[in-house]
1. Counting other C-beta atoms within 10 Å, which of M158, M54, M191 has the fewest, and how do the rest follow?
2. How high is the relative contact order of the range 125-168, in percent, with contacts defined as C-alpha pairs under 8 Å that are six or more residues apart?
3. Please enumerate, by chain and number, the aspartates and glutamates with C-alpha under 14 Å from the C-alpha of K37, excluding those fewer than 8 residues away in the same chain.
4. Which order results if S206, S169 are arranged by neighbouring Cβ count within 10 Å, fewest first?
5. Please list, by residue number, everything in the range 172-193 whose backbone N is under 14 Å from a paramagnetic label point 7 Å out along Cα→Cβ of D25.
6. Could you put W29, W118 in order, starting from the residue whose Cβ has the fewest other Cβ atoms within 10 Å?
7. Given the pairs K64/K186; K64/K114; K34/K186; K34/K114; K34/K205, which span a C-alpha to C-alpha distance of over 23 angstrom in this model?
8. Roughly speaking, what is the stretch gain from I183 to R79, that is 0.36 nm per residue apart minus the C-alpha to C-alpha distance, in nm to one decimal?
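Readers should treat all values here as calculations from the given coordinates under stated rules, not as data from a laboratory. Bear in mind the structure is a predicted one, so any value in this text is a computation, not a measurement. All Cβ positions, even for glycine, are placed from backbone atoms using ideal geometry, and neighbour counts span all protein chains on display.
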Amino acid sequence: MKRILILLLIALAPTALHASDLTTDRPRWSLEIKGGKLTPDIDNFSTAYDSHAMTEFEAAGAYKIIRQIEVGVEGGYSRAGGSGYAPLHNMKAGHVILNFYPVDVFVLARGVIKEDQWVVPYVGGGWSRIYYREEIQDQGVARGFANGYHARGGLQFMLDMIDADAANSAFRDYGLRHSYFFIEAKYTRAMADTVSGTSTNIGGKSLLAGFLFEF
């Protein structure tokens, strides 16, 4: 009987070790993938395009200085198409396609108290640059960029407990310690010069949802 108990303890030791690591050893890196809608602060935007908002996709990577504080870089893509008016040129036009390529450098604070916390609030912000490309039918392409800042906040919901076996497997195979679903509100301000000599904020308000992975 004693030998059987020893063999069982040896067999269960790796599983117990991984489960312990998931809740005690803190992650060092995070990866985010998200998408949603951007509502630009551009005047007459809804007149020029089919909607008042643009579809937006973003991805971010960050390093955790301490468990609650991380610094990172984020890149994204937004697109809108319409006809009748080019907001950045302040003129009537044919078909117009507008693309944004934002880049953010940020600091983020997550309200993590314990590793198995189900709901984690977070806030952050930093420097932003938005590259834009506006193509106007029969009138060529305009390119440029604008610098500014952004602020964000949201809630993340832990997915580990939904399937503990899958979470342990992901940790053993890929070093994935935690995964979350999150929702986020973001505001960006980046002023671009227009052909009329005025400045326009080509940032705006975003509502996003996505997945966070911590390693």
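1. Starting with the residue having the fewest Cβ neighbours, the order is M191, M158, M54.
2. Value for the range 125-168: 36 percent.
3. Filter leaves D50, E56, E58, E184.
4. Neighbour counts put them in this order, fewest first: S169, S206.
5. Within reach of a label on D25, which here means backbone N under 14 Å from a point 7 Å along Cα→Cβ, the range 172-193 contributes 172-178.
6. Numbers: W29 15, W118 12.
Ranked by crowding around the Cβ, least crowded first: W118, W29.
7. Checking Cα-Cα distances, K34/K114 exceed 23 Å.
8. On the way: separation 104, 0.36 × 104 = 37.44 nm, distance 2.09 nm.
Here the answer is 35.3 nm.
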